[in-house]
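Structure first, commentary second.
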Amino acid sequence: MKEDKIWLSPPHMGGTELKYIHNAFDTNWISPYGSNIDEFEKGLENYLGNNSFVTALSSGTAAIHLALQLLNVEEGDFVICQSFTFVATANPILYLKAIPVFVDSEESTWNLCPNAVEDAVKYCLKQGKKPKAIIAVSLYGMPFMVDEIVEVSKKYDIPIVEDSAEALGSRYKGQLCGTFGDFSIISFNGNKIITTSGGGILISRKESQKGRAAYLSGHAKEDKDYYSHSELGYNYKMSNISAGIGRGQLEVLEERIKQRRENHDFYHHLLKEFEDIELFCEPDESFFSNYWLNTIIIKGEFLSKERIRAIFFESNIETRYLWKPMHLQDLYKDYKFIGNNTCGILFDKGLCLPSGSGLTDDCKNRIAEMIYNLKS
Ligand SMILES: *Cc1c(COP(=O)(O)O)cnc(C)c1O
């Protein structure tokens, strides 16, 4: 008989989520309004601090879409975007008929290379248009090079949309991810560090922007006693049920970060004498990762990522390839890419290892055994 499946990053309930869902049922707020939403937004605003105004939405993707819309991204505009990411980062650029310019990663954080971002800005200026936004991702929970990217953003006066979908609880120089962008987003999809089953937030720096995001997420319905609309809106609100899950999850966030970081310590210990496998780690003490996923780079002529994935699969252990960069996707192959394909090489050689916050000692033993067996 096969042993239980070890998933890459399954949902991990804290225990109080159902209480908040019952509360929604008891008060009959089974809708995109209600106290769970208000309290979830407030809880996140308190957690993030730094002038954060939170709008709860149906997904992180919806939050990126609204962020770009609030920055007046329109048809034909350039938007600079990290190539090494999940497709949801880039798709909202096309929703708005704007033009993505993809930028390579640097090797220390795997996120936007500051020099390549500046080259991308120059490329756009040469075409006669300043980019409307820079989308910076904190991939796998690792903050991007915030100081350097903010410097380019300030130099050319281009706002940053911070995609911290995977980085709730991560910090750069002590400051939380989700507080660095002109707009920032976090995802609560089922696989993220905490979840609402599906959902996301947009973080604005001004209360008026939060109001406008809420308005656009509710079909841009104006405050009149009949249905009045003068702008195009969306149906992007989070449900009061989902927000109930989020309230419960928020109570265990610190514990979840601790557990994910303990997984990292486990892998660090396991792999430290393994020459052929390099664990992706914080480059220095400025970076504090929530280690949403632990990722490895397979070096030299050691086993291929396909082979290692197949070996783990045989033992019912899920691993996954790294995100395939956008500039290598058929969907985006006709768009400009600036860089040396550093992220393409990471994709070729990398693998994500099981990193759920509920990973038991038994699971860890099974994983350790698999890794020792790779050696022989
Ligand atoms: C999950 C994710 C998103 C999208 O979030 P959803 O809530 O699933 O829409 C965006 N960007 C990155 C990097 C992600 O990992």
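Values in this text are rule-based calculations from the coordinates and carry no lab data. What you see is a predicted model; the values in this text were computed from it and never measured. Methodologically, a virtual Cβ is constructed for each residue, glycine included, from the backbone with ideal geometry; neighbour enumeration extends over all protein chains shown.
Points to keep in mind about this one:
- Along its first, second and third principal axes, ordered by size, the chain spans 72, 59, 36 Å in Cα coordinates.
- Dividing the Cα radius of gyration of region 221-266 by 2.2 N^0.38 Å, with N the residue count, gives 2.06.
- With a Förster radius of 22 Å applied to the beta-carbon distance between residue 320 and residue 361, the computed FRET efficiency rounds to 0.45.
- Residue ranges 315-324, 343-352 sort as 343-352, 315-324 when ordered by packing (mean number of other C-beta atoms within 10 Å per residue, highest first).
- GluC sites (Glu not before Pro) restricted to region 1-82 and DSSP loop, no more than 15 other C-beta within 10 Å: 3, 74, 75
- Once the C-beta distance of residue 273 and residue 47 is scaled by a Förster radius of 51 Å, the resulting FRET efficiency is 0.85 to the nearest 0.05.
- Pairwise label distance in nanometres, residue 255 with residue 348, each label 7 Å out on the Cα-Cβ vector: 4.4
- Cβ-Cβ FRET estimate between residue 126 and residue 265, R0 fixed at 45 Å, reported to 0.05: 0.45
- Helical runs (DSSP H, four residues minimum) scored at -39500 (n - 2.57) apiece and divided by the length of the chain put the mean residue ellipticity at 222 nm at -11500 deg cm²/dmol.
- Top of 224, 210, 333 by mean-square fluctuation, Gaussian network on the chain, Cα under 10 Å: 224
- Relative packing of peptides 285-292, 56-63 - highest average C-beta neighbours within 10 Å first: 56-63, 285-292
- Loop-resident sites, region 166-201, for trypsin sites (Lys or Arg not before Pro), counting at most 16 other Cβ within 10 Å (DSSP): 173
- Loop-resident chymotrypsin sites (Phe, Trp or Tyr not before Pro) (DSSP state other than H, G, I, E or B) in region 190-243 with no more than 14 further Cβ atoms inside 10 Å of their Cβ: 226, 227.
- Stretched out straight at 0.36 nm per residue, the stretch from residue 301 to residue 157 would grow longer than its current Cα-Cα span by 47.3 nm.
- Remark on residue 177: its backbone amide H falls under 5 Å from those of 169, 170, 171, 172, a criterion applied only to residues 5 or more positions apart or on other chains, H modelled at 1.01 Å from N.
- Set of lysines with alpha-carbon distance to residue 375 below 30 Å, sequence-local pairs under 8 removed: 2, 5, 258, 272, 299, 305, 324, 349, 364
- Protection proxy ranking for 113-123, 267-277, using the average of other Cβ atoms within 10 Å per residue and placing the highest first: 113-123, 267-277.
- Distance between region 254-330 and region 131-188 - C-alpha centres, whole angstrom: 22
- Region 214-238 and region 77-107 have their alpha-carbon centroids 27 Å apart.
- Antiparallel bridges, percent of DSSP beta bridges restricted to the chain (to nearest 5): 60
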